[in-house]
Structure formats: structure tokens, C-alpha cells
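So the structure is just underneath, and the comments pick up after that.
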Amino acid sequence: MPTITARLLPLSYLLVATFPSCAQDEPFSTPTFDRIDLQANKLIFKGDSTTFTAFHERLDELLLHGKGNIDVLHVGGSHVQADMWSAQLRHRLQTMVPGVRGGRGFVFPYNMAKSNNPYWYNPEFTGTWTSAKNVVRSDSSSLGLSGYAVTTRDSLTTLRITFRGTQYPGYVSDRVRIYHRMDSSFAVNAFTSDPAVLITCTPRQAEGFTEFRFSRPLDTLQFRFTKEDPAQKRFTLYGIDLRNGDPGITLSAVGVNGASTGSWVRCDRFVQELATLPPHLVILSIGINDAHDTDFDAKAFERNYDELIRRIKATSPNAAIVLTTNNDSYIRRKVNNRNATAVRASMLRLSATHGVAVWDLFTVMGGAGSMRHWQAAGLAKKDRIHFTREGYVMLGDLLFTALMEHYAAHLSTAQNR
């Protein structure tokens, strides 16, 4: 594997006079690899870039004054479900300024659905659960923001969530929302071994969740799902949102292995749950599974993306949106997937139509055929579709840099007014 070196960005010089001086890791350094096109590592706008104005103004308030919260949502397939790419971006965003961090955000206990769970949080559960996910076209189950759902018919089950990892030392929450089926559902309660902690419970029927507030922030969360009446048939869990009162940036990563644009369009609760956040920045990294479909249809792909963007704008009209083009990839590790260029072209047209940004990962990583070089360098897996942990960390650093370079341009413009 090649040596990864740090490249300091011009942004660090622009912000050094603005941010308080203290000892910390340089947050504006990007690992480099000789196949990366750093000149292409920027946000592309083919339409109206003022869609980022509200997001940048919130960054001003947070980074320059230490006030407020920013919600970021990252949506995708297996690239996102593993929460390595998103985790690095989250880490960069949350450590820009000391003391300004934010909460953990929306999570799903993937291991309850017998799928791979991100390392950083550990769900431990009891009972028997069945699952549904948005990649199963024949399944008409109601699904929301996570793209997954798990259901139990056991009369008493529990869920415990803790955090782990040295780079991600854990989060505390004093407000938790349990998104679940509300009609004829089991009772859901939060509990703790500390008798001094007061817990209030508020069902929010119309919004599809039950909210718990704790008298002090907790780093371990425990819930009990109980059948209390014969009319209650089952309990279905759609996701969990973890918050605290601290200023900062919260990045929620929702991914489903194998999910395509059509998979996310099928999530009937998506808009309802999105409206309860709502996000200030949405990053859509959907397309690699569409491109690997033997019946890939570029027009249908663009229609699905258009629908997703319209749904997001309907509930979060001031949200900034970034589309990330597909990484270069191979079919059965041998044939370069040429659909990546069609995906890229569709996203650039959507940028012109909707005023959304495009982060051109395909070009940044080196274009067609570049995935074999990433794999040879230990940055991508042998399937030449997915990245290694080191590769995903690099993607997080590069996307963070592109976002911050665009924000730096906003600061520069504001200073010259």
C-alpha cells in the first residue's frame, strides 16, 4: 500500500483567523493517492448554487459563534450501511471546532435484521425478530428512513445500545425517538439502572414515533417492548434517533445493502420520517446497484432520482443536496462497468434541473479503470466494487474537503461584501 501523506488545504489558512487557536488534529488535511484527481475534488453546480445558502448560514452560526445544530443525512447502499465512509465524514465535521460536536442521530439496529451492523454502536437485543428491507421488490411492508424494519410477536423483548471505538469515543443522549408502528403496537418503554434518572415518555402518533427524555444524558440506552393487551399483535421498529442538547453537527447514515434508487422510492414512510429531523444537508450516494443491474435503464434511474429529490424538497425545501457519482467498479472483477458514465451524466442533468450539487467521485478517483489501482493499493476490496476501511476513510476525507472548500468560497464572498 502506498504511503498516504497529508495535503493541507487553502481553507485552513482562510479559517485560521476565524476559529479559536488550540491544540488539535489538523481537520483540513486530506490523504492523497497518486491516482486521485485533486483538481476535480469539488462540488459541481450545473444550476442554481444558492440552494446551499441556508446550509452555509447555519455553518456560520455554528463554526463562528458555537451556536445551533446542523443535521446531515447520508443515504445509500452497502457503501453507507457499513458506516465507514459516513463515519469519517462525521468525525471530520464534528471535530472542526472543540466543544462543538452534536448527537449521534438516526440509527438502525441492523443486527436485529441479521445484517452487518456498524462497529461504532452495539445493539444487544432479546426475542425473535423478523425483518423487511427495501431491496425486496415483492415485499409490500411499510418502510421509512432506514429502509429496514424489524418485527416481533414475542410478548416481552428488550434492546440495549452502547457505543465503542477509540476514534469514536461514544455519544450521550438525553432525547431519544423510537420510530415504530403505532396502530395496535406493543407498549415501548425506556429504563435505566440509575434511579436518579427521570424519564418522560411522549407518544407522537401523527409523526410515527415515541419520544423519551432523560433528566441527564446517558451513554447506554435500554428499551423494553411489552404486549399489554390482547389487541396488540406485534411491535415493528423502523429506527431510532439519538439526540442531545449540545451544539454541533449530527450526521445520520442510512444504508441498505443492495439498495437502488427504486428501493428508496418504495419507502412509503420516508417523507413522514424525514420531516421529523429535518436535514439541512442531504448526501445521496445511490446508484452503484442500479449500474450493476443487468437491466440498467438510465432514463428510469434519472426518473427515480428526480422523484427522491422532489420528496426531499417537499419536506425540507431549504436543505442543500449533494449527489455523489458512482465509484469506478467492475462486473465480476473482470469487466469495467461503463454504466458509471451514464450515472454521472444523469446526475449532472439533475443538478441543472434542481440546483443540487454533484460530487464527482468517479472522476476524483481516477475515472474508468481506476478501481483496479485502488484495489492494488489496498484501498478497495477484491470485488472491485467496495472499498477497504482505508479507502472509505479516504472517501470521507475527500468529500469533507469538497464541502469545506465550497464553504470557504462562501466565507470569502461574505468577507468581501
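The values are calculated or read from the model by the stated rules, or taken from the named source; none is laboratory data. Just so we're clear, the structure is a prediction, and the values are computed from it rather than from any experiment. Reconstructed Cβ throughout: ideal geometry from the backbone, glycine too, with neighbour counts over all protein chains shown. Just the protein is used for accessible areas: all its heavy atoms, side chains included, with ligands, DNA and RNA removed. Shrake-Rupley method; radii C 1.70, N 1.55, O 1.52, S 1.80 Å.
So the values come out like this:
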read-out: Subset of segment 297-323 (residues that are open to solvent by 10 Å² or more (accessible area, probe 1.4 Å) and closer than 20 Å to Gly367 by Cα); value: Ala298
read-out: Test: residue in segment 133-149 that is on the phi < 0 side of the Ramachandran plot, in a strand (DSSP E or B), charged (D, E, K, R) and at pLDDT below 95; value: no
read-out: Cβ pairs under 6 Å, 6+ apart, first in segment 337-351 and free of Cβ contacts under 8 Å to residues at least 40 places away in the same chain and at negative phi, second open to solvent by 10 Å² or more (accessible area, probe 1.4 Å) and in a helix (DSSP H, G or I); value: Arg344/Phe362
read-out: Residues located in segment 229-259, provided they are in a strand (DSSP E or B), open to solvent by 10 Å² or more (accessible area, probe 1.4 Å) and under 30 Å from His65 (Cβ atoms); value: Arg243, Ala253
read-out: Pairs with Cβ under 8 Å, 6+ apart, first in segment 39-50 and polar (S, T, N, Q), second not in a loop (DSSP other than H, G, I, E, B); value: Asn41/Thr30; Asn41/Val364; Asn41/Leu398; Asn41/Thr401; Asn41/Ala402; Asn41/Glu405; Ser49/Ala357
read-out: Residue pairs meeting the criteria (Cβ under 8 Å; at least 6 apart or on separate chains; first without any contact (Cβ under 8 Å) to a residue 60 or more places away in the chain, in segment 233-255; second outside any strand (DSSP E or B)); value: none
read-out: Top-ranked residue in segment 183-228 [being among the small types (Gly, Ala, Ser) and at pLDDT 95 or above; ranked as surrounded by the fewest Cβ atoms within 10 Å (Cβ to Cβ)]; value: Ala196
read-out: Every residue from segment 268-287 that is part of a helix (DSSP H, G or I), farther than 20 Å from Thr353 by Cβ and open to solvent by 40 Å² or more (accessible area, probe 1.4 Å); value: Gln272
read-out: Residue match in segment 153-165 (condition: in a loop (DSSP other than H, G, I, E, B), out of contact with any Phe, Trp or Tyr (no Cβ under 6 Å at 6 or more places or on another chain), modelled with pLDDT under 95 and not β-branched (Val, Ile, Thr)); value: yes
read-out: Index of the failed condition, Asn326 passing every other in (1) open to solvent by 30 Å² or more (accessible area, probe 1.4 Å); (2) part of a loop (DSSP other than H, G, I, E, B); value: (1)
read-out: Some residue of segment 198-216 being closer than 29 Å to Val75 by Cβ, among the hydroxyl-bearing types (Ser, Thr, Tyr) and in a loop (DSSP other than H, G, I, E, B); value: no
read-out: Options Asp25, Asp60, Asp48; residue that is over 18 Å from Ala402 (Cα atoms) and either of a type in the set (D, E, K, R) or modelled with pLDDT under 90 (or both); value: Asp25
read-out: Those helices (runs of 4 or more DSSP H) lying entirely in segment 345-417 with at least 1 residues of a type in the set (Gly, Ala, Ser), farther than 29 Å from Pro317 by Cβ and within 20 Å of the chain's Cα centre (by Cα); value: 389-415
read-out: Candidate set: segment 376-417, residues that are of a type in the set (Asp, Glu) and under 16 Å from Lys42 (Cα atoms); chosen: the one most open to solvent (accessible area, probe 1.4 Å); value: Glu405
read-out: Which numbered condition Thr30 fails, given (1) part of a loop (DSSP other than H, G, I, E, B); (2) modelled with pLDDT under 95; value: (1)
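The rows are residues; the columns are (1) over 19 Å from the mean Cα position of the chain (by Cα); (2) among the small types (Gly, Ala, Ser); (3) within 20 Å of Gln375 (Cα to Cα); (4) not in a strand (DSSP E or B).
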{"position": "Asn289", "(1), (2), (3), (4)": "no, no, yes, yes"}
{"position": "Arg303", "(1), (2), (3), (4)": "yes, no, no, yes"}
{"position": "Pro317", "(1), (2), (3), (4)": "no, no, no, yes"}
{"position": "Val322", "(1), (2), (3), (4)": "no, no, no, no"}
